[in-house]
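Presented below is the structure to which this report refers.
The values are calculated or read from the model by the stated rules, or taken from the named source; none is laboratory data. Note that the structure is a prediction, hence the values are computed from the model and not measured. Cβ atoms come from the backbone with ideal geometry, glycine included; neighbour counts cover every protein chain shown.
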Amino acid sequence: MKLTIRTTAAAVIVLFAGGILLASALGFWVTESTKEPAKIKTGEFAGMPNPSDIRGSYTWNDISKSFGIDVGLLMQAFGVKDASTKVNTLEEAVKSLSLPPGVEIGTDAVRLFVALYTGLPHTPEESTVLPYTAAEILLREGKADKALIEAAAARAVKPAGTTPAAEPAASAVPAATGTANTAPAPAPAPAASTTKTKTETVTAPAAAAPAATTPQTATATQPAATTTTETHVEKPTGTVVGKTTFGELKQWGVSVEDIKAVLGGKIGPDPMAIKDFATQNELSFSEIKTKLQELVDKAKK
Amino acid sequence: MKKSGNALQRKPVRIRYIVQAAFFVLVAVTATVSALNEKGIIIPFFKGVSLHGICPFGGVVSFYQLFTIGTLTKKVHESSVVLAVIGLLSALLMGPVICGWICPFGTFQQWLSGIGKRLFGRKYNTFVPRKLDRVLRFLRYGVLAWVLYMTAITGKLIFQDYDPYYALFNFWTGDVAVTGYIALALVILLSLFVERPFCKYACPFGALLGIFNLFRIFGIRRNAPTCISCKACNRACPMNIDVMAGKAVKDHQCITCFECTSEAACPVPATVEMTALPAITKDHEREGGAK
Ligand code: SF4
């Protein structure tokens, strides 16, 4: 049997067009992420949408629908004017402003806001801060632990009232510097006195503003008292953060046995983020993180 | 007589150029519309799909994560997996047709080769010393292994920052890493001397598809009794394969471009053709290899 150029051209087109049509018919032809976050699999919140799964490609409408938060409220929190824009445009809008080094208002800020508003669990990145407007709403209506909300509010930055959507004021500085741009969180988080704080930069001096520490786990079920607060401005190789995968840990020289010892005898597959593993197995990421970081530091030596 | 017959025979190969151009435009438009959508600019009547959504290699690098934890690598969508499966099936059937017929980056390099041919004439695509060339051709398997491993352990599209293909279609978006621009510039420069340098030496997907040349169902076969040993097939092959060396091309670099066949370069009818290969025809004769 012979294939000529003509028959090969036909075969190529039929194979690809036919394959795509068949995949579409079977529902496999999906060219963008589904706009529904994954459900939390275990624990008290099993079956609820997971704020940690909010992606930059979600629109404000998508988030409103998934978490049952009024879209107007979301827009007000982040100073957004069009509910059909994607969340990742937030980072773009903020880029042009002189946010202090090491702080970010991006998709993770939206995750944090949703978590604190609904009381669902989420572990924010160290650099994540909320805009002042979002903090105000949370202080008023947030369903998460009050101490966590106050801690997040203390780090909030002030958006310019008249500047475009979600843009913090050019003068915005982190709460840590002690300027008037921080959210009014008068009460320091009760966590502060019992929290292991390893503050490297942007956080406030503990004595002056103890609430200015970053909650590593914003969850309604996890009291702030057990929260480890660590603020890293830089994330050099070898720093365990929310997105760190098991593969990366191994690459940094931590043995499988050591990882298992920390995680109670279990370990996730290489591409899995440790934070996701912790969520799935109802482990406190903050605690795991500290222990794993110690192992990484030891391996580095 | 022979000349006019040959001229006629050359026509069908243009069909491939048309198919290539069509896929190039399709991908360029789709990726551009998607990038514009990302920036909040909506183009009426066009639905943008990100380059990751239509890249079969994204599906390939996701296989490990898909089988181990049931999710896809970040930025990859189900459509990439569908295309990966179709791509692998097509390779099993006809070899790397994706490289020779569909891949817009292969097409881009092919277009650049036109400039190289004008500059250097017959010397074009013969600059790399044979021994070095032979070794370099295996480099892409190193790239493939590295990309698969790194993607598996990080769960991220690790190759994007080095991918000249991504850089070509996204150079204006601000989403391309410096390394991506450097890779693109290097490929453009090298394409003036060597045909398809990225395909030959660095493409991880081409490396994977190339393996199928060893057992593809339909392959390029040379009918020795009618061959006049004019070497037209060798000269025409963009991948420098020694078609004349055997009775079937099983070189891992063949891209099923048909340039060597009797429908294009070969002046003798029915001498170089794509037919069902030895495994099916029970022909165990010597196979063609790189020059
Ligand atoms: S052997 Fe023939 S089909 Fe294969 S790449 Fe060379 S010219 Fe194209």
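Kindly evaluate B:L184 against the criterion of being surrounded by 21 or more Cβ atoms within 10 Å (Cβ to Cβ), hydrophobic (A, V, I, L, M, F, W, C) and not in a loop (DSSP other than H, G, I, E, B). Yes, satisfied. Residues of the stretch A:261-288 that are away from chain B (no Cβ under 14 Å) and either part of a loop (DSSP other than H, G, I, E, B) or modelled with pLDDT of 80 or more (or both): A:A261, A:V262, A:L263, A:G264, A:G265, A:E282, A:L283, A:S284, A:I288. Taking first residues from the stretch B:219-243 that are within 14 Å of chain A (Cβ to nearest Cβ) and partners that are among the aliphatic types (A, V, I, L, M) and more than 8 Å from the ligand (Cβ to nearest atom), the Cβ contacts under 6 Å between residues at least 6 apart in sequence or on separate chains come to B:G219/B:A248; B:G219/B:L277; B:R221/B:A248. Criterion applied to B:V176, B:V194, B:V135, B:V143 was being surrounded by 14 or more Cβ atoms within 10 Å (Cβ to Cβ), in a helix (DSSP H, G or I) and not hydroxyl-bearing (S, T, Y), and the one residue passing it is B:V143. Those residues that are of a type in the set (G, A, S) and either modelled with pLDDT of 95 or more or in contact with a strand residue (DSSP E or B) (Cβ under 9 Å, 6 or more places away or on another chain) (or both), I need them from the stretch B:168-196; list them, please. Within the stretch B:168-196, B:G180, B:A183, B:A185, B:S191 qualify.
Among the residues of the stretch B:105-114, none qualifies, meaning not one is under 23 Å from B:L214 (Cβ atoms), modelled with pLDDT under 95 and part of a helix (DSSP H, G or I).
Here B:G100 passes the criteria (1) away from the ligand (no atom under 15 Å from the Cβ); (2) within 14 Å of chain A (Cβ to nearest Cβ) except the one numbered (1). Of all residues in the stretch A:31-61, those being over 17 Å from the mean Cα position of the chain (by Cα) and either within 14 Å of chain B (Cβ to nearest Cβ) or buried (at least 18 other Cβ atoms within 10 Å of the Cβ) (or both) number 6. The residue that is surrounded by the most Cβ atoms within 10 Å (Cβ to Cβ), counting only those in the stretch B:203-246 that are touching a Ser or Thr at 6+ places or on another chain (Cβ under 6 Å) and of a type in the set (S, T, N, Q), is B:N223. Of the residues in the stretch B:227-265, how many are within 9 Å of the ligand (Cβ to nearest atom), on the phi < 0 side of the Ramachandran plot and either touching a Pro at 6+ places or on another chain (Cβ under 8 Å) or among the hydroxyl-bearing types (S, T, Y) (or both)? So the count comes out to 6. Filtered by the rule that a residue be facing another protein chain (nearest Cβ under 7 Å) and assigned to a loop (DSSP other than H, G, I, E, B), the stretch A:1-30 gives A:M1, A:T4, A:F28, A:W29, A:V30.
Residues that are within 27 Å of B:L214 (Cα to Cα), more than 12 Å from chain A (Cβ to nearest Cβ) and not in a loop (DSSP other than H, G, I, E, B) occur at least once in the stretch B:54-66.
Inside the stretch A:131-154, can you point out the residues that are surrounded by fewer than 24 Cβ atoms within 10 Å (Cβ to Cβ) and of a type in the set (A, V, I, L, M)? Hits for the stretch A:131-154 are A:I137, A:L139, A:A147. Filter the stretch B:77-91 down to residues that are within 8 Å of chain A (Cβ to nearest Cβ), of a type in the set (A, V, I, L, M, F, W, C) and out of contact with any helix residue (DSSP H, G or I) (no Cβ under 6 Å at 6 or more places or on another chain) and give me whichever is nearest to A:V14 (Cα to Cα). In this case the residue turns out to be B:L89.
Annotation for the stretch B:249-258: no member residue is within 14 Å of chain A (Cβ to nearest Cβ) and surrounded by fewer than 22 Cβ atoms within 10 Å (Cβ to Cβ).
Within the stretch B:18-62, restricting attention to residues that are over 30 Å from B:F258 (Cβ atoms) and of a type in the set (F, W, Y), the residue that is surrounded by the fewest Cβ atoms within 10 Å (Cβ to Cβ) is B:F45. Scoring B:C233 on the criteria (1) modelled with pLDDT of 95 or more; (2) in a loop (DSSP other than H, G, I, E, B) leaves a single failure, condition (2).
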